Amino acid sequence: MSDQPSFGRVETLLAEMVTAGVASAAVGLVAMADEVVWEGVMAADVSTRFDHASLTKPFMATLALTLDASDVLPLGTRIGDVWTKAHQALARRPLSDLLRHRSGLAAWTPIYHRCRSVEEARDLILAGGDKGDLLGARAGTYSDLGYILWGQTAEMATGSPLAALLKARVLAPLGLAGVEATPGDRPDIARSRMGTGQEVKLAAKQGFVVPDLGPPLPGTPQDGNCRFLVGLGAGGGLCGHAGLFGGARDLWRLGVEWLAPGRLLKPEGVTAALAGSGPFALGWWRRTLRGSAGPALPSTAFGHTGFAGNSFWIDPEERRIFVMLTSRCDPRADMNPWRRRFNSAAARAMFAQ
């Protein structure tokens with residue numbers, strides 16, 4: 001643990017999470033755009049890599065901006081211009097709507113129960129489900145399905161597996177050597193103890209009976225749909241919505257590029273991605289008081305969370321970055337109070353320096 005007394009409350013918070021059984025391991029990082037100010041760990045090491053889960057989505061947004069800027073896959077392209085099978089309600093939408101959660105696609109469905117192949121999964125999403133059961137969600141409905149479809153679209157447009165595409169276009173240029181798609185059992189990977197009980201409940205609401213898949217094998221995604229698609233060889237170990245593993249410093253470096261674009265991203269691309277209103281920017285959540293960010297961060301803050309327990313927030317006004325990675329134990333636990341407490345304690349410590 002860090003010996004900086006000003007971050008004692010943050011360290012205590014990480015210890016409380018592990019002691020209470022909320023998480024089996026935790027890493028915290030607080031940084032400015034030009035330096036890491038503090039790192040702390042509990043039952044882990046600063047180099048431990050965690051299942052990023054939906055923290056994969058900001059990486060996909062970063063990739064999307066690079067493909068848009070190079071005109072390989074413009075974000076304004078209509079879905080129907082790429083996929084002729086797309087339901088008419090989906091076909092007229094631009095690709096950017098998939099990454100802004102504005103496509104009208106449902107949040108989730110048990111693809112591993114409804115499909116037998118990657119192609120079937122893609123076609124199910126394009127068709128809007130069976131008789132449209134996956135379409136009609138209001139704009140602003142958080143959708144894993146939109147990101148899965150964007151990932152499939154990027155692969156089709158480039159002819160490259162999603163993992164290889166991300167590595168070449170984003171990870172290597174930014175020096176994010178610790179980020180990897182479905183790495184398997186490695187000594188530096190935090191193990192997940194969490195099954196898919198929450199997915200059992202979500203599936204039941206849609207009329208499907210699915211089993212709890214149990215905790216994942218080491219270094220494989222906790223997310224059931226990602227496990228299924230990756231197991232079929234999708235994306236070279238990566239889906240659009242999940243599949244990445246990495247450490248806290250890797251997220252910091254990604255955040256720096258969004259705070260001060262230039263190495264990879266273009267300032268005008270970042271500005272456009274973060275513009276607009278509603279709960280989501282392109283690839284990011286916007287800050288809300290009752291969400292994961294909390295009142296310690298300004299209204300201009302943007303970030304993301306992952307179901308594995310993670311939190312990644314960027315404050316563009318003070319140029320601060322807050323990262324908390326955990327290996328969550330209970331899918332029923334509400335992680336947002338812990339995330340808000342982390343951001344609040346870290347922000348107070350920053351101001352106290």
Original post:
Does Arg102 qualify as being crowded, with 18+ Cβ neighbours inside 10 Å and among the basic types (Lys, Arg)?
Top reply: yes
**OP:** Could you tell me which numbered condition Lys205 fails, if it satisfies all but one of (1) in contact (Cβ under 8 Å) with a residue 12 or more places away in the chain; (2) closer than 19 Å to Gly224 by Cβ?
**Re:** (1)
Subject >> Contacts under 6 angstrom Cβ, first residue in region 211-222 being among the charged types (D, E, K, R), partner part of a loop (DSSP other than H, G, I, E, B), 6 or more apart >> reply: Asp212/Gly195; Asp212/Thr196
Original post:
Can you find a residue in region 203-217 that is surrounded by fewer than 24 Cβ atoms within 10 Å (Cβ to Cβ), among the polar types (S, T, N, Q) and modelled with pLDDT of 95 or more?
Top reply: yes
**OP:** Output the number of residues of region 98-117 satisfying the condition of being assigned to a loop (DSSP other than H, G, I, E, B) and closer than 13 Å to Asp133 by Cβ.
**Re:** 6
Subject >> Qualifying position, being touching a Phe, Trp or Tyr at 6+ places or on another chain (Cβ under 9 Å) and either modelled with pLDDT under 95 or not hydrophobic (A, V, I, L, M, F, W, C) (or both), among Thr66, Thr109, Thr141 >> reply: Thr109
Original post:
Looking at region 282-338, which of its residues are of a type in the set (S, T, N, Q) and without any contact (Cβ under 8 Å) to a residue 12 or more places away in the chain?
Top reply: Thr288
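The values are calculated or read from the model by the stated rules, or taken from the named source; none is laboratory data. The structure presented is a predicted model; accordingly, all values stated were derived computationally and were not measured. Using ideal geometry, Cβ is built from the backbone for each residue, glycine included, and neighbour counts are taken over all protein chains shown.
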